[in-house]
Amino acid sequence: ALAAITPAMLAAVIFLLRLEHGLLRAVMFMAGRLVTYAGWSIVLFIFTDRVFDLSAGSHSDFILLLKVILGLILVAMAIKVSLGGDDPEALPAKIVDVFNDMSFPKLFGLGVLVSLFQGRHVLLLFVGVTQIIVAELSISTTILATLILIIMINASQLTIIGLNLALSDRVNASFRSIDTWLTQNNRRIAAGLSLIGIYLLWDGISGLGIFG
């Protein structure tokens, strides 16, 4: 399910892996993303904790509202892609074209930059952070749960890198097949997005009791 939310980043990692020194390039790009998500988590923990302190309503209602918002974003995203539009969180073609010329620090910086402005990913992280806060875990368990959440959001890209590390050249043909499949099956991916979005909408709306 999470892979359907991140098809553009999965395609970017596959493209990087096919370049010279591709594994290191992909690792630097993903390191930038993971560091940024860790930073986002700290910001969201502080913000959410402050909101909960000021809020007189139910914490669960806040989480349900976030699910409704995320669901709406995913459904809107699915409709746009199914109608032939581009994913707004995909990397611009002019950046992809110069991947091979980018230094490792620049790829790290690119990973940071794109992760700062990926709304649906940050909102998904927001939902997870609020649920961790509501669970009132110990500090060590909270840190562990947050790390697991970040890994889950980036699971598809990290899995591809892990396969490349384990199998090396034997998976290059498979990467080309995956890249081709992603390109040719935008509408199926959009259907996955819509199903996730509809589920989140239903869960949020029914929990809030908007229609009764």
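Some points to look at:
- Label-to-label distance, Ser82 versus Asp49, with points set 7 angstrom from Cα along the beta-carbon direction: 4.2 nm.
- Judged by the mean number of other Cβ atoms found within 10 Å, the most tightly packed of the peptides 20-32, 120-132, 98-110 leads the ranking 120-132, 20-32, 98-110.
Just so you know, all these numbers are worked out from the coordinates, no wet-lab data involved. Here the structure is a predicted model, which is why all the values come from computation and not from measurement. We place every Cβ from the backbone using ideal geometry, glycine too, and count neighbours over all the protein chains shown.
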